1. Can you tell me which condition Asn245 does not meet? The list is (1) modelled with pLDDT of 90 or more; (2) among the polar types (S, T, N, Q); (3) closer than 20 Å to Cys161 by Cβ, and all the others hold.
2. Does Gly213 meet the test of being touching a helix residue (DSSP H, G or I) at 6+ places or on another chain (Cβ under 8 Å), within 23 Å of Leu152 (Cβ to Cβ) and either in the same structural domain as Thr148 (by TED's automatic domain parsing) or aliphatic (A, V, I, L, M) (or both)?
3. Tell me, which residue of the stretch 217-247 that is among the polar types (S, T, N, Q) and free of Cβ contacts under 8 Å to residues at least 60 places away in the same chain is surrounded by the most Cβ atoms within 10 Å (Cβ to Cβ)?
4. For Phe140, indicate whether it is at pLDDT below 70, surrounded by 13 or more Cβ atoms within 10 Å (Cβ to Cβ), more than 28 Å from Asp233 (Cβ to Cβ) and assigned by TED's automatic domain parsing to the domain that holds Glu223.
5. Is there any pair linking a residue in the stretch 7-24 that is outside the structural domain of Val55 (by TED's automatic domain parsing) and free of Cβ contacts under 8 Å to residues at least 40 places away in the same chain to one that is buried (at least 20 other Cβ atoms within 10 Å of the Cβ) and of a type in the set (Asp, Glu), with Cβ under 6 Å and at least six apart or on different chains, and which?
6. Among the listed residues Asp233, Asp182, identify the single one that is at pLDDT 85 or above and either in contact with a helix residue (DSSP H, G or I) (Cβ under 8 Å, 6 or more places away or on another chain) or under 26 Å from Ser21 (Cα atoms) (or both).
7. Assess whether Val18 counts as being touching a helix residue (DSSP H, G or I) at 6+ places or on another chain (Cβ under 9 Å) and assigned to a loop (DSSP other than H, G, I, E, B).
8. Filter the stretch 187-207 down to residues that are surrounded by fewer than 17 Cβ atoms within 10 Å (Cβ to Cβ) and under 18 Å from Ala172 (Cα atoms), then give me how many there are.
Amino acid sequence: MNKRIRARRKELKFSQDVVASYVGVNRVSVSNWENDENAMPKGSNLLKLADILKVDPDWLLTGNGPMEPKSRKYDPPMGSGKMSDGLEQFKRSANHAIGGFDLWDSDTPLRGDEVALPFYKEIELSAGNGSTLVQEDTSFKLRFAKSTLKKLGVNADDAACVTVSGNSMEPALNNGATVGVDTSKKAIIDGKMYAVDHNGMLRVKMLYRQPNGVKLRSFNIDEHPDEVVDYSDIRIIGRVFWSSNFH
């Protein structure tokens, strides 16, 4: 089992810290799982480890059967107080309340139980110098079920979408993932995920209040360390409530 964990983690290019954060343990535990034959994850830790490594738990434990997971819809507990809470809580709400959605243009008629959610994107300013401005994009929208929004506790008039760029939020959000944001939820709750306009850059980060500003945290903290920025440098678009990653 030790070799399978280590080999698969390296194959996916995850650090031990990333795996530990996702599972909700410390890095030493992950190191022990990879090197100590008497140490092995059990129960929910095994399920979460298999989930992030994208393998079947039985294969991870015994080496028998197919490596491919039968299902990757683990429903984790909440409230451990660790960094993984943000991912777990977000995944819990996003993964089990997803309705069908489609991209559409202005000529596509809506069905009865659908609403059109606008997208936000970076718009390059005519002044040049690489300056950008975050604003609503009216060229296309995402068609979303009203019943799904209701289940998630989001008013349709307050819902919008953002496309994630880069790998800073992996493994929670992959490059190109679409997230739904509730634009009525702008007050910072530490550890929650938000879409923000950071001086013209559209970013999705976990936010934490600090005495000297706001901390922006990524899940891929090895490559993207924490940043503390002035309150005046960011505009909160809304709190993330859904992601296409977990559809």
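The values are calculated or read from the model by the stated rules, or taken from the named source; none is laboratory data. From a predicted model like this one, the values you see are computed outputs, not experimental measurements. Cβ sites come from the backbone with ideal geometry, for glycine too, and all protein chains shown count toward neighbours.
1. The failed condition is (1).
2. Details: touching a helix residue (DSSP H, G or I) at 6+ places or on another chain (Cβ under 8 Å): yes; within 23 Å of Leu152 (Cβ to Cβ): no; either in the same structural domain as Thr148 (by TED's automatic domain parsing) or aliphatic (A, V, I, L, M) (or both): yes.
So Gly213 does not fit the description; no.
3. Filtering the stretch 217-247 for residues among the polar types (S, T, N, Q) gives 218, 220, 232, 243-245.
Filter once more, keeping what is free of Cβ contacts under 8 Å to residues at least 60 places away in the same chain: 218, 232.
Values: Ser218: 22, Ser232: 8.
Out of the qualifying residues, it is Ser218.
4. Values: at pLDDT below 70: yes; surrounded by 13 or more Cβ atoms within 10 Å (Cβ to Cβ): yes; more than 28 Å from Asp233 (Cβ to Cβ): yes; assigned by TED's automatic domain parsing to the domain that holds Glu223: yes.
Answer is yes for this residue.
5. none
6. Numbers: Asp233 fails: either in contact with a helix residue (DSSP H, G or I) (Cβ under 8 Å, 6 or more places away or on another chain) or under 26 Å from Ser21 (Cα atoms) (or both).
Of Asp233, Asp182, the one residue that is at pLDDT 85 or above and either in contact with a helix residue (DSSP H, G or I) (Cβ under 8 Å, 6 or more places away or on another chain) or under 26 Å from Ser21 (Cα atoms) (or both) is Asp182.
7. Working: touching a helix residue (DSSP H, G or I) at 6+ places or on another chain (Cβ under 9 Å): yes; assigned to a loop (DSSP other than H, G, I, E, B): no.
Criteria not met by Val18.
8. Matching residues across the stretch 187-207 total 1.
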